[in-house]
Amino acid sequence: ELVLRDSIDLRGPSSLEFDPALCGIWIANEGREVAFMGPSGEITRRFETSLFTAKAITVDGDAIIVSDGTGRFERLSKEGAPIGEPYRMPGTLWDVEGMIAQPNGAMVLTQDADARVWAIDAAGNIKWAIEGFQMSPPMVEPQGIAYDRRTGALYVVDDQEGSNSVFEFAADGTFLAQVSLSAYGRDPEGIAIQADTGTMWVGFDDGGRLAVFDYLPTVRTDRPDATSDACLMF
């Protein structure tokens, strides 16, 4: 369930990630720039990745990880300093549009061209996979992905070439729900959530817009290992 709360002009918000430690949202826009939007809605940090583009972004503890969509990744401090050289992860990781860093080097990723969402461990072994073309309803163009700390649910936006909607999955990849976003904008690319406050941000490429929603998850029980992200955002 989604209820629109606010809307902000924002150029090309292709990948988003909420950062509970800084109480704000990291933004990648398929240029080389990475930006951080603070709790007041102002951009307070800007820096560039050494990759040719920042297509997907995620928070990993005290660092962020950026992907260029061709299988290359870069770890950066939250001030923009490189942490080591750009690297490749085990396995074939091309056309990555969204990602979530998990403990011990595990990742959940989305892949546009193959309509795929999958989870891997640090060695690149696949733990589970969602094949979007095989779903009913189908998920044709998975883009950004977000994680609910309370429930373990995953939210994936399907862009305008697909269903222009958000899909909800359980932590193991089981499909739970789909909600159309067509009433709010076109071509959703990025998504972030602040679970404790029930806030969801969706970045629409068409029109350069960041929509702010109140949301209710299908699964509403707290996970025993959930951590709080209850800081005050705009």
Show the residue pairs that are 6+ apart or on different chains and have beta-carbon atoms under 7 Å apart, the first residue being within segment 183-212 and over 20 Å from A21 (Cβ atoms) and surrounded by fewer than 24 Cβ atoms within 10 Å (Cβ to Cβ), the second being at pLDDT 95 or above and of a type in the set (A, V, I, L, M). Y184/L4; Y184/A211; G185/A211; A211/L4; A211/V202
Looking at (1) within 22 Å of P13 (Cβ to Cβ); (2) without any contact (Cβ under 8 Å) to a residue 12 or more places away in the chain, can you tell me which one P103 breaks? (1)
Would you please name the residue that is farthest from R209 (Cα to Cα), looking only at residues in segment 37-68 that are of a type in the set (V, I, T) and not in a strand (DSSP E or B)? T49
Given the conditions (1) on the phi < 0 side of the Ramachandran plot; (2) in contact (Cβ under 8 Å) with a residue 24 or more places away in the chain; (3) part of a loop (DSSP other than H, G, I, E, B), which single one is not true for I27? (3)
Considering every residue within segment 180-196, establish whether at least one is aromatic (F, W, Y), in a strand (DSSP E or B) and touching a strand residue (DSSP E or B) at 6+ places or on another chain (Cβ under 6 Å). no
Among the numbered conditions (1) assigned to a strand (DSSP E or B); (2) touching a helix residue (DSSP H, G or I) at 6+ places or on another chain (Cβ under 6 Å), tell me where A122 comes up short. (1)
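Just to verify a result, which residue in segment 7-25, among those that are of a type in the set (G, A, S) and under 23 Å from R149 (Cα atoms), is most open to solvent (accessible area, probe 1.4 Å)?
A21
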Identify the single condition in (1) touching a Lys or Arg at 6+ places or on another chain (Cβ under 6 Å); (2) in contact (Cβ under 8 Å) with a residue 12 or more places away in the chain that A35 does not satisfy, given that it satisfies every other one. (2)
Give segment 179-197 a look and list any residue that's of a type outside the set (D, E, K, R) and over 21 Å from I57 (Cα atoms), or say none. V179, S180, L181, S182, A183, Y184, G185, T197
If we keep just the residues of segment 85-101 that are in a loop (DSSP other than H, G, I, E, B) and open to solvent by 50 Å² or more (accessible area, probe 1.4 Å), which is nearest to A56 (Cα to Cα)? W94
Condition test on V96, is it in contact (Cβ under 8 Å) with a residue 40 or more places away in the chain and touching a Phe, Trp or Tyr at 6+ places or on another chain (Cβ under 8 Å)? no
Of the residues in segment 202-214, those that are at pLDDT 95 or above and either farther than 14 Å from A28 by Cα or out of contact with any Gly (no Cβ under 9 Å at 6 or more places or on another chain) (or both) come to A211, V212, F213, D214
Tell me which residues, restricted to segment 69-84, are farther than 17 Å from E189 by Cα and in a loop (DSSP other than H, G, I, E, B). T70, G71, K78, E79, G80, A81, I83, G84
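Residue-by-condition table, conditions (1) open to solvent by less than 50 Å² (accessible area, probe 1.4 Å); (2) modelled with pLDDT of 95 or more:
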| position | (1), (2) |
| --- | --- |
| I130 | yes, yes |
| S136 | no, no |
| V140 | yes, yes |
| A146 | yes, yes |
| G152 | yes, no |
| E161 | no, no |
| S165 | yes, yes |
| Q178 | no, yes |
Taking segment 35-68 and keeping residues surrounded by fewer than 24 Cβ atoms within 10 Å (Cβ to Cβ) and in contact with a Ser or Thr (Cβ under 7 Å, 6 or more places away or on another chain) leaves F36, G38, A63, I65, D68
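The values are calculated or read from the model by the stated rules, or taken from the named source; none is laboratory data. Computed from a predicted model, the values in this text were never measured in an experiment. Every residue, glycine among them, receives a Cβ derived from its backbone with ideal geometry; neighbour counts consider all protein chains shown. Note: accessible area is taken over every heavy atom of the protein model, side chains too, but ligands, DNA and RNA are not part of it. Shrake-Rupley method; radii C 1.70, N 1.55, O 1.52, S 1.80 Å.
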